[in-house]
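Worksheet: one structure, shown below.
The values are calculated or read from the model by the stated rules, or taken from the named source; none is laboratory data. All values derive from a computational prediction rather than experimental measurement. Counting neighbours? That spans all protein chains shown, and the Cβs are built from the backbone with ideal geometry, glycine included.
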Amino acid sequence: MLELIIFCSGTLVMVLEMVGARVLAPHVGTSAVVWTSLIGVVLACLALGGYMGGRLADRRLSRRALAGLLACCALSCALTALFHQAVGEAAGRRIHSLQWAAVAAALGIFALPGFCLGMVSPYIIRLRMASLATAGATVGRLYALSTAGSIAGTFLGGFILISWLPGSVILWGVALGMALLALLADLRRLGKRLLLLLGLLALAVWDCGRAEDGAWRLVESPYNSIRIMDGKDGERPVRFMATDPGFSQSGMYRDAPDELYFPYTRFYALGPHVAPGAQRILMLGGGGYSVPKWLLSGRAGLPDRALHCTVVELDPAMTRVARKYFALPADDPRLRIVHADARAFLERQDDPFDLVFVDVFNSCYTVPFHMGTVEAAARLRAAVAPGGALLMNVIGAAQGPDAALFQSIYKALLTAFAEVHVFGVGSPYRPESLQNLMVLAFPEKRASDWLEDTGRTPPETLALLSARMDVRPDPAIAPLRDDFAPVERYALMLLAAQRAMR
């Protein structure tokens, strides 16, 4: 029985850690900084728990004490399930540094269960040890079982549980699992531990039922924690989608689902302006599918019968959310959806497109570095047909102390494209300001007539063209490359600047 307990506790430890990133995501994002904080905090607590578990085993060694220890693990996981939202929200709002906010959130949420779970393995090892003559074999066998359980928990949590269950349900599952192990640890005098299991089960049902009252607003997947919120812009009802704290990745007028809501998305109209006969369009990053809906509606002014739009979206849950809440049509033959990583798609793609739209840099919390490197720029260049264009949305500053992230991506594009133009969304005359920056790139040199008013250019397009910025490459900043892309360092600079502005 002890072997089963140590295997299952190792499984539950890793399930807890895998769901930890999902629990932290709404408050501090999902960047490498968050994973570093989570892993570091959990390992530190497991180490401290291992030390204290060994000392406890030397002082009080019995099956009954082991059952009590497992019951404490169950209670600590239940507290995490109950209060993780409040603790994470407090850390995210009150601590301005992302690193310290992530560490504080991880400590507040996972320190106690990590410490308690860390005590289990050394206690069981000491309990199983019969003599010094077989101590090595006993320790090796039980550590192997614990590690095997951790491997099982990693795949169970990452491949299955997160894909099918909300984070709170998984946390309650870990708590109930530990309570069940407490029953198995000592089959005598089960009364209190059975009451604990039944009490935690009732509390879990109540807590999850309370969360389900608004469950339509939260969709969790292996890639994102997607929140759907309704609001108003003046008198018009608006629906938002958010995956990172403080940012909305998509917005939609509920009374006009195919109208572009966010100002930066309207700059994709520069694509039809510079390539009016475009028929094949590639969109990297679907989100709420605002731009594809706009293209397919005919609002872009392209020949809609011949239009063919391919959207590459990493997360299938995004597509499901877009269809359920953001009016994405389910059966338009002009729309092809590919669920894949954008860079991996480019590596396999041979046929060029008239227009390539890129909207994968949605916030400073999650920066897909592999889409901003020199190597990625070469693949993007290969994806643009002669006479076509690339339009890419990047969040940052064009010049100044906060421009490192944008400049590193901008300079990567300069290595592959003949012309690269930048448009400021919000503050085009202040290149040092943090804002959405729309990059327009041509694979070959072009005449400047697309910048001129022909007398038939719509006023909306003229307004977009007037936002063009004179951006100079910063010689002190190197372009991103696949083997060196310090986007976390650059993104932290932007987050610090954003928090200082609030």
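Things worth noting here:
- Within the range 143-158, being in contact (Cβ under 8 Å) with a residue 60 or more places away in the chain and farther than 22 Å from A179 by Cβ holds for T147, A148, I151, T154, G158.
- Test: residue in the range 26-47 that is among the polar types (S, T, N, Q) and in a loop (DSSP other than H, G, I, E, B): yes
- Some residue of the range 323-338 being in contact (Cβ under 8 Å) with a residue 24 or more places away in the chain, part of a helix (DSSP H, G or I) and either closer than 26 Å to L260 by Cα or within 22 Å of the chain's Cα centre (by Cα) (or both): yes
- Of all residues in the range 417-451, those being touching a Pro at 6+ places or on another chain (Cβ under 8 Å) and of a type in the set (A, V, I, L, M) number 2.
- Yes/no for V374 being in contact with a strand residue (DSSP E or B) (Cβ under 8 Å, 6 or more places away or on another chain), β-branched (V, I, T) and farther than 23 Å from L464 by Cβ: yes
- Qualifying residue in the range 241-261 (condition: touching a helix residue (DSSP H, G or I) at 6+ places or on another chain (Cβ under 8 Å), at pLDDT 95 or above and among the aromatic types (F, W, Y)): yes
- Cβ pairs under 6 Å, 6+ apart, first in the range 446-472 and basic (K, R), second loosely packed, with under 10 Cβ neighbours inside 10 Å and modelled with pLDDT of 95 or more: none
- Taken over the range 399-428, residues that are assigned to a loop (DSSP other than H, G, I, E, B) and free of Cβ contacts under 8 Å to residues at least 24 places away in the same chain amount to 1.
- None of I125, I151 is assigned to a helix (DSSP H, G or I), β-branched (V, I, T), surrounded by 14 or more Cβ atoms within 10 Å (Cβ to Cβ) and modelled with pLDDT of 90 or more except I125.
- Check on S168, surrounded by 14 or more Cβ atoms within 10 Å (Cβ to Cβ), assigned by TED's automatic domain parsing to the domain that holds R60, in contact with a Pro (Cβ under 7 Å, 6 or more places away or on another chain) and among the polar types (S, T, N, Q): no
- Each residue in the range 230-256 was checked for being surrounded by fewer than 20 Cβ atoms within 10 Å (Cβ to Cβ) and outside any strand (DSSP E or B), and 6 pass.
- Hits in the range 458-477 (condition: surrounded by fewer than 16 Cβ atoms within 10 Å (Cβ to Cβ) and either among the polar types (S, T, N, Q) or under 25 Å from L98 (Cα atoms) (or both)): S466
- Residues in the range 476-502 that are part of a helix (DSSP H, G or I) and either modelled with pLDDT of 95 or more or touching a Cys at 6+ places or on another chain (Cβ under 6 Å) (or both): 3 in all.
- Checking each residue in the range 437-475 for being modelled with pLDDT under 95 and under 25 Å from V33 (Cα atoms) picks out no residue at all.
- Search result, residues across the range 295-317 that are free of Cβ contacts under 8 Å to residues at least 40 places away in the same chain, outside any loop (DSSP other than H, G, I, E, B) and surrounded by fewer than 20 Cβ atoms within 10 Å (Cβ to Cβ): S297, H308
- Taken together, the criteria place L12 among residues that are surrounded by 23 or more Cβ atoms within 10 Å (Cβ to Cβ) and assigned to a helix (DSSP H, G or I).
- Summed over the range 270-284, the residues that are part of a helix (DSSP H, G or I) and either surrounded by 22 or more Cβ atoms within 10 Å (Cβ to Cβ) or not aliphatic (A, V, I, L, M) (or both) give a count of 4.
- Across the range 94-111, the number of residues qualifying as assigned to a helix (DSSP H, G or I) and free of Cβ contacts under 8 Å to residues at least 60 places away in the same chain comes to 4.
- Restricting A102, A81, A32, A74 to residues that are surrounded by fewer than 21 Cβ atoms within 10 Å (Cβ to Cβ) and not β-branched (V, I, T) narrows the list to A32.
- Residue match in the range 49-65 (condition: assigned to a helix (DSSP H, G or I) and in contact with a strand residue (DSSP E or B) (Cβ under 6 Å, 6 or more places away or on another chain)): no
- Among the candidates A378, A418, A330, residue that is modelled with pLDDT under 95 and surrounded by fewer than 20 Cβ atoms within 10 Å (Cβ to Cβ): A330
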